[in-house]
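J.: My structure is below; once you've seen it, I'll send some questions.
The values are calculated or read from the model by the stated rules, or taken from the named source; none is laboratory data. What you see is a predicted model, and the numbers here were worked out from it, not measured in a lab. Don't worry about glycine lacking a Cβ; one is built from the backbone with ideal geometry, like all the others, and counts go over all protein chains shown.
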Amino acid sequence: MIDSLLVRMQAVGERKVMGAVALGGLGLLLLWTTLSGNYESFQLARFCIFTLLFLSLVVITGQAGVISLLTAAYFGVGAFGAATALSTYHLPFLVAVFVAGLVTALACVIVGLPVLRLPPAAFIVMTLGFVSLIEEVVFTNDWCCGGGAVSVPAPRPSWAESDPSYLLLCAAFLVGTFAFTVAWRRGRVGRALVATRDNPTAAEALGVNVVKARLVAFAVSGFIAGTAGGLFAGLLGGVSSLSGVFGVDHGIEFFGLTMLGGVTSVAGPVIAAGFRVLLQLTPIGEWEHFGLLLFFVAGPGTVLVYLRAPEGVSGIVRDWKNRRLAATTRAEHREQPAPVVERTGAPAALADWPGGARLECRHITCRFGGITALDNVDLTVEPGEVVGLLGTNGAGKSTLINVISGMVTATEGTVHLDGVDLLALQPYERARMGVSRSFQQAQMFSSMSVLDNLLVAEHPGMHHGLLSGGLRLPRARTEEHAARGHVEAVMDVVDLTPFAAARADELSYGTLRLVQLAAMLMQRPRLLLLDEPAAGLAEAEARALEPLLKKVASVTGVSIVLVEHDVALVAAVSDRIVGMDSGAVLSTGTPAEVLADPSMVVAYLGLDDPQRNEEAVPS
Amino acid sequence: MSAPLFEAQDIAASYGKLRVLDGVTVRVDAGESVALLGTNGAGKSTFLRCVTGVQPMAGGRVLIDGEDVTSEGPQALLARGVVHIPGGHCTFPALSVGESLRVAMWPFRKDTARVAAAEERVFARFPILAERRTQSAGSLSGGQQQMLALARALVHDPRLLIIDELSLGLAPTVIEQLVEVVVDLHASGVALLVVEQRLATAARFTDRAYFLERGKVQFEGATSELHNRGDLVRAVFLGGTAS
Amino acid sequence: MKADLIWPFLLIGLSTGGLYSLLGCGVVLAYRASGYLHIAHAGVAMVSAISYVILARHLPVGLALLVSLGIGAGIATALYRWVFARLETATMAAKVVVSVASGVGLQAVGGLLLINFGLLEGGPRSGTLFPESSRVTIFGASLTVQQFALPIVALGVYATMQYLLLRTDLGLALRASSQNPLSASLAGLPSKRITTLAWAGTGVLAALAGVLSVSVSSFLIPTYLFAETIRALAASLTGAFTNLTRTVIAAFVLGILEQELVGFETPWNAMRGAVSFALITLVAIFGLSRQLERSERAGAMS
């Protein structure tokens, strides 16, 4: 019964179902409370405000991956900001809440700036210091915000004076923010943000501006927390430092509760806020200090959840759901290498593919200290040709592709791509020229789906921002549509289509390597530098890579330099093999020729005398 | 027939989803010298770390003198005379040479006579270490650091020395010195299990070799045979293409 | 500020700095043992302090002190064994989350104790470690004996820790394990036992700070010593969480700076904590960001 429901839900589109259920539920709840009276409305408004507040943590911790113990302080900044705007400057209520949001966003960005520079431990200490700074300077000081115990009035607007009508206002804010957050999370900016959290280096390599992405997250998070604070001030009618939820202890409690609910899903804050408000309402008998119970939940609860399920309660629910789904649809979902279909023409979306480039390396010499890693190496790759590099560790294969991709500077020599001097260009400029290099470790964004992983690669080519993404303006929609088309075409080339919706951390290692290959193809490269694509693969997976690489080469026409220890793979895929030893080219020719060369075999197994490796420096 | 000094049976290990070792069996008899060969990423170092119990393994057993010591940790192995020198940066950079040796002698640190004797023996073998006694290990040259690593192993009077990449990143003359020490040790009856990249180096002081590829033993036999018979090397080398 | 206030505030500052220094030593020890930013240190100190106050009602102060030190050691060991040791390979972020959450859990325990033993309503308190009535007056500052003793004890603890770390086998083993865990365990060091012992040590240090800071007048709450521990963390930041000497110096500087600011007029005296804190954090960050990255990497490895 549950299973069939889950399956049907997935068919309709889970988000739509959940959204509809949430909206319907909230509507019924609102109807009931507004009818039943002030007390219930007041409490439900609290719930809405705390959900909003915890949502700001989803943005900053769940998406940007930054630990923030400052939520309570931001809440306070928003509350005091709105109250001051209302009582001192007599701004309209909604404007005051908006201003509170802006002020808090600014504070959040200022505090957030050092995170771009600091390791997490130091950042935590610093933020803890900032809490006390904000507390002492803003909340309790005489010369600001009424100071001390004096309350700053925050009158509600005339059109939402009663508790039920104020509740409706809070609920409207919540629904709006929710819709916005969900939308922009799924679009370009949100994707880039999750990518920077999962793997900052890889995201940067794909052209995501990590600094900018994080600052945007800080601002959005601050804005949400600030508006929550503003609404809170209105709910209470005024704030003082005695309002009691702005201190560092509450910052920690909020953090703990939200982690408990789960910060990787928007359901987390709902769970956390529900928990908090319900606990406060429960008749507590002997527990006269309800806060204690809260602390027991936020503390040991988080520890327990974190030891077992780092994604909190919402993560546990998701895992449970996935298990049920997997059990019912096991037959269709089983991971198996898809049959390779030989294709004659390129898929339509690949029609504008740039094709292969001609690479010409001349007299490359590369020295580190006393070691000569490359000694006068020549390498030419014709457009569309696949050249395999064979040799032992230290033969210079990786150094050579590092020189081409720009990660290592050659001491002497030239590298030309279709006549353009590559050595004069920065690595990212070479990437724009169409040089794409793989890494031995699969660099993926583990919490994102395969589709999203590949969409991140389209980030630099897309331009819509936070607002148009959050509001789903036509521009954002068109861009998303075009990007998806390209991703689907690339997934088709490397046979990844069946895995489009799977999360990267649920894939087998072999499939992950394919996702990595697809991510490289997303950039429409003209020269692929593959560094040990078969490393770590099982025998069957390594064999399956042979036809796949051939297909990539024939469909896209890209030129490929393949570095690999797996002789069989290199022999099967390459048009030509270059055998290397001790930084020099030993033999060049067709696979059959090179493999028949006795000196090659000897070199590959390191049978030569170590003395030849002269001048090695002690490390 | 008595049980071999050291036997690792069907060792399996994974890093997350990545299967690194898939049922590797290696045996070393008393006084024997064995090489573990294979390309980068074949799983050699992982194998050593698994059998000495500093890395959890997914399956398999480790026997010393026929006694099961699986997952008992390095202390149990040290007590039975099996010492593992890890590859790469295995020194304590901020400790002095003397302090590093003292750490190595932790299991018998209270036995002052034994400590003094071990120290004397080690300094006699490596006079350079005696000179640099108060110098920090991180400031030693690469070769001296490896000597210190050997010295830290020798204080235990090992019966079996497990060495991971003795020669990595060192100059040929330095390698020569270290190989001499190891050959000398082997001559005095210490069994060896050595990971080496280069067959030529391994052939100089090992009797038998295991060739590891894709987490499995692809070949087992005499090192000299592997070194001298081109056709055999070819067979091992092209093993992957056979399929 | 008035010139004649400089010396009295300096002395009070020494006492405050002593407390920060004591807490800082514990934080550094925890970081060296397992690469943990030990935010829950405050919780250990607070629960131990409350236990001491409760115990001192029935036991002689000395015995109460000993038992509380034991309680502190027990809590820290339990935290390590059941929580932190299971996250050794986790990311720094995960470690911080769990450390924070453990601290919150300890606050809950502390709150429970405070309620059950009627300490929130200012119930009967008895005996501090030193007689509360006798005071020491130097340079115009009137200090309780306990306040006077704090910096002395802190320096004593610092000296003892340096001795233990640099001159004993145990300290050697701890340094070896934190520098190269793989080589240390291959050398047969019982790493787990040594780390546990170090954590027990952090508990003793936390309890010592708790007991020495608590007086008849102190306001016991679940966040007791929390702000002080944050100051101690800031001080240890200047030593990249590993350098004991720098931590102790920074702790004393921070304490003195904070107390001297009291002598200034509004609004500075109201912001003394924040101003001095910001100052020392900035010094730490801009002076040490490179060293920090290194030690964090080392911490993540251990």
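J.: Taking only pairs six or more apart or across chains, which ones have beta-carbon atoms under 9 Å, a first residue in segment C:249-270 that is modelled with pLDDT of 75 or more, and a second residue that is not in a helix (DSSP H, G or I)?
T.: Once the first residue is modelled with pLDDT of 75 or more and sits in segment C:249-270, its partners that are not in a helix (DSSP H, G or I) give C:ILE249/C:GLY239; C:ALA250/C:GLY239; C:GLU260/C:MET1; C:LEU261/C:MET1; C:VAL262/C:MET1; C:GLY263/C:MET1; C:GLY263/C:LYS2; C:PHE264/C:MET1.
J.: Can you give me the number of residues within segment B:21-36 that are more than 19 Å from the chain's Cα centre (by Cα) and among the hydrophobic types (A, V, I, L, M, F, W, C)? Step through it out loud before you land on a result.
T.: Initially, segment B:21-36 is screened for residues more than 19 Å from the chain's Cα centre (by Cα), giving B:22-23.
Pick out the ones that are also among the hydrophobic types (A, V, I, L, M, F, W, C) and you get none.
The total comes to 0.
J.: Another question, if that's okay. Would you be able to tell me the number of residues in segment A:542-585 that are out of contact with any Leu (no Cβ under 7 Å at 6 or more places or on another chain), assigned to a strand (DSSP E or B), of a type outside the set (Lys, Arg) and away from chain B (no Cβ under 14 Å)?
T.: Of the residues in that region, 2 qualify.
J.: Give me the residue from segment C:80-105 that is in a loop (DSSP other than H, G, I, E, B) and touching a residue at least 12 places away in the same chain (Cβ under 8 Å) and, out of that set, nearest to the other protein chains (Cβ to nearest Cβ). Reasoning before the result, please.
T.: Quick first cut of segment C:80-105, residues in a loop (DSSP other than H, G, I, E, B) only: C:88-91.
Among the residues that remain, those that are also touching a residue at least 12 places away in the same chain (Cβ under 8 Å) are: C:88, C:91.
On the way: C:GLU88: 12, C:THR91: 8 Å.
Per the criteria, the residue is C:THR91.
J.: When you go through (1) without any contact (Cβ under 8 Å) to a residue 24 or more places away in the chain; (2) within 14 Å of chain C (Cβ to nearest Cβ); (3) under 19 Å from A:GLY238 (Cβ atoms) one by one for A:ILE110, which number turns out not to apply?
T.: In the conditions (1) without any contact (Cβ under 8 Å) to a residue 24 or more places away in the chain; (2) within 14 Å of chain C (Cβ to nearest Cβ); (3) under 19 Å from A:GLY238 (Cβ atoms), A:ILE110 misses (3) alone.
J.: Considering (1) among the small types (Gly, Ala, Ser); (2) in contact with a strand residue (DSSP E or B) (Cβ under 6 Å, 6 or more places away or on another chain); (3) modelled with pLDDT under 90, say which one B:SER96 fails and leave the rest.
T.: Going through (1) among the small types (Gly, Ala, Ser); (2) in contact with a strand residue (DSSP E or B) (Cβ under 6 Å, 6 or more places away or on another chain); (3) modelled with pLDDT under 90 one by one, B:SER96 breaks only (3).
J.: Please find, among A:LEU35, A:LEU128, the residue that is more than 30 Å from A:ARG186 (Cβ to Cβ), assigned to a helix (DSSP H, G or I) and within 14 Å of chain C (Cβ to nearest Cβ).
T.: Values: A:LEU35 fails: within 14 Å of chain C (Cβ to nearest Cβ).
Exactly one of A:LEU35, A:LEU128 is more than 30 Å from A:ARG186 (Cβ to Cβ), assigned to a helix (DSSP H, G or I) and within 14 Å of chain C (Cβ to nearest Cβ), namely A:LEU128.
J.: May I ask you to list the residues in segment C:178-194 that are in contact (Cβ under 8 Å) with a residue 24 or more places away in the chain and over 30 Å from C:GLY62 (Cβ atoms)?
T.: C:SER178, C:GLN179, C:PRO181, C:LYS192
J.: Could you go through segment B:37-57 and let me know if any residue there is surrounded by fewer than 19 Cβ atoms within 10 Å (Cβ to Cβ) and of a type in the set (A, V, I, L, M, F, W, C).
T.: no
J.: Residues in segment C:169-177: is at least one free of Cβ contacts under 8 Å to residues at least 40 places away in the same chain, more than 9 Å from every other protein chain (Cβ to nearest Cβ) and either closer than 15 Å to C:GLY26 by Cα or among the hydrophobic types (A, V, I, L, M, F, W, C) (or both)?
T.: yes
J.: Hey, another quick one. Which residue is farthest from A:THR33 (Cα to Cα), if the candidates are limited to segment A:154-164 and must be touching a residue at least 12 places away in the same chain (Cβ under 8 Å) and of a type in the set (Gly, Ala, Ser)? Talk me through it step by step, then tell me what you get.
T.: Keep residues of segment A:154-164 that are touching a residue at least 12 places away in the same chain (Cβ under 8 Å), which gives A:154-157, A:160, A:162-164.
Remaining after also requiring of a type in the set (Gly, Ala, Ser): A:154, A:160, A:162.
Details: A:ALA154: 24, A:ALA160: 15, A:SER162: 13 Å.
Step by step, filter segment A:154-164, then rank; the result is A:ALA154.
J.: To continue, here is another question. Would you please name the residue that is modelled with the highest pLDDT, looking only at residues in segment B:24-43 that are within 23 Å of B:HIS186 (Cβ to Cβ) and within 12 Å of chain A (Cβ to nearest Cβ)?
T.: Filtering segment B:24-43 for residues that are within 23 Å of B:HIS186 (Cβ to Cβ) and within 12 Å of chain A (Cβ to nearest Cβ), the one modelled with the highest pLDDT comes out as B:ALA35.
J.: Limited to segment A:446-475, what total is found for residues that are closer than 20 Å to A:PHE180 by Cβ, without any contact (Cβ under 8 Å) to a residue 40 or more places away in the chain and part of a helix (DSSP H, G or I)?
T.: The qualifying residues number 4.
J.: Looking at the structure I just gave you, is A:VAL277 out of contact with any strand residue (DSSP E or B) (no Cβ under 6 Å at 6 or more places or on another chain), surrounded by fewer than 24 Cβ atoms within 10 Å (Cβ to Cβ) and either modelled with pLDDT of 75 or more or of a type in the set (Ser, Thr, Tyr) (or both)?
T.: Numbers: out of contact with any strand residue (DSSP E or B) (no Cβ under 6 Å at 6 or more places or on another chain): yes; surrounded by fewer than 24 Cβ atoms within 10 Å (Cβ to Cβ): yes; either modelled with pLDDT of 75 or more or of a type in the set (Ser, Thr, Tyr) (or both): yes.
Taking the combined requirement at face value, the residue satisfies it.
J.: Take segment A:410-430 and flag every residue that is in contact (Cβ under 8 Å) with a residue 24 or more places away in the chain and within 31 Å of the chain's Cα centre (by Cα).
T.: Of everything in segment A:410-430, those that are in contact (Cβ under 8 Å) with a residue 24 or more places away in the chain and within 31 Å of the chain's Cα centre (by Cα) turn out to be A:TYR428, A:ARG430.
J.: Return the residues of segment B:95-109 that are assigned to a loop (DSSP other than H, G, I, E, B) and either more than 9 Å from chain C (Cβ to nearest Cβ) or within 27 Å of B:VAL195 (Cβ to Cβ) (or both); say none if nothing qualifies.
T.: B:LEU95, B:MET105
J.: If you take the residues in segment B:4-36 that are farther than 28 Å from B:ALA200 by Cβ and of a type in the set (A, V, I, L, M, F, W, C), which one is surrounded by the most Cβ atoms within 10 Å (Cβ to Cβ)?
T.: Top of the filtered list is B:ALA13.
J.: Just to check your reading of the model, which residue among A:LEU528, A:LEU496 is touching a helix residue (DSSP H, G or I) at 6+ places or on another chain (Cβ under 6 Å) and either on the phi > 0 side of the Ramachandran plot or aliphatic (A, V, I, L, M) (or both)? Give the derivation first.
T.: Values: A:LEU528 fails: touching a helix residue (DSSP H, G or I) at 6+ places or on another chain (Cβ under 6 Å).
Every option except A:LEU496 fails the conditions.
J.: Still on this structure, please answer the following. Within segment B:97-107, can one find any residue that is surrounded by fewer than 14 Cβ atoms within 10 Å (Cβ to Cβ), farther than 30 Å from B:ALA3 by Cα and of a type in the set (Lys, Arg)? Show your work before the answer.
T.: Going residue by residue through segment B:97-107, those that are surrounded by fewer than 14 Cβ atoms within 10 Å (Cβ to Cβ) are none.
No.
J.: Restricting to segment C:221-271, what's the tally of residues that are aliphatic (A, V, I, L, M), outside any helix (DSSP H, G or I) and within 18 Å of C:ALA40 (Cβ to Cβ)?
T.: Just the residues of segment C:221-271 that are aliphatic (A, V, I, L, M), to begin with: C:221, C:225, C:227, C:230, C:232-235, C:237, C:240, C:244, C:248-251, C:253-254, C:256-257, C:261-262, C:270-271.
Now drop any that are not outside any helix (DSSP H, G or I), which leaves C:221, C:225, C:240.
From what is left, the residues that are within 18 Å of C:ALA40 (Cβ to Cβ) are C:221, C:225.
Here the count works out to 2.
J.: Ok, one more. Scan segment C:183-193 and give yes if some residue there is buried (at least 20 other Cβ atoms within 10 Å of the Cβ), in a loop (DSSP other than H, G, I, E, B) and within 13 Å of the chain's Cα centre (by Cα), otherwise no. First the steps, then the outcome.
T.: First, pick out the residues of segment C:183-193 that are buried (at least 20 other Cβ atoms within 10 Å of the Cβ): C:183-189, C:191.
Imposing the further condition that a residue be in a loop (DSSP other than H, G, I, E, B) reduces the set to C:187-189.
Next, from what is left, pick out any that are within 13 Å of the chain's Cα centre (by Cα): none.
No, every residue in segment C:183-193 fails to be buried (at least 20 other Cβ atoms within 10 Å of the Cβ), in a loop (DSSP other than H, G, I, E, B) and within 13 Å of the chain's Cα centre (by Cα).
J.: Any chance segment B:68-75 includes a residue that's part of a helix (DSSP H, G or I), in contact with a helix residue (DSSP H, G or I) (Cβ under 6 Å, 6 or more places away or on another chain) and closer than 30 Å to C:LEU165 by Cβ? Write out each step before concluding.
T.: Initial filter on segment B:68-75 (part of a helix (DSSP H, G or I)): B:74-75.
When the remaining residues are screened for being in contact with a helix residue (DSSP H, G or I) (Cβ under 6 Å, 6 or more places away or on another chain), the result is B:74.
Next, from what is left, pick out any that are closer than 30 Å to C:LEU165 by Cβ: B:74.
So far as segment B:68-75 goes, yes, one or more of its residues are part of a helix (DSSP H, G or I), in contact with a helix residue (DSSP H, G or I) (Cβ under 6 Å, 6 or more places away or on another chain) and closer than 30 Å to C:LEU165 by Cβ.
J.: Moving to a separate point now. So which residues in segment A:67-92 are of a type outside the set (Ser, Thr, Tyr) and surrounded by fewer than 22 Cβ atoms within 10 Å (Cβ to Cβ)?
T.: First, the residues of segment A:67-92 that are of a type outside the set (Ser, Thr, Tyr): A:67, A:69-70, A:72-73, A:75-83, A:85-86, A:90-92.
Hits for segment A:67-92 are A:HIS90, A:LEU91, A:PRO92.
A quick yes/no check of all residues on (1) at the interface with chain A (Cβ under 10 Å from one of its Cβ atoms); (2) within 26 Å of A:THR127 (Cβ to Cβ):
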{"site": "C:GLY201", "(1), (2)": "no, no"}
{"site": "C:VAL204", "(1), (2)": "no, no"}
{"site": "C:LEU208", "(1), (2)": "no, no"}
{"site": "C:VAL211", "(1), (2)": "no, no"}
{"site": "C:SER215", "(1), (2)": "no, no"}
{"site": "C:PRO222", "(1), (2)": "yes, yes"}
{"site": "C:GLU228", "(1), (2)": "no, yes"}
{"site": "C:ALA234", "(1), (2)": "yes, yes"}
{"site": "C:ALA240", "(1), (2)": "yes, yes"}
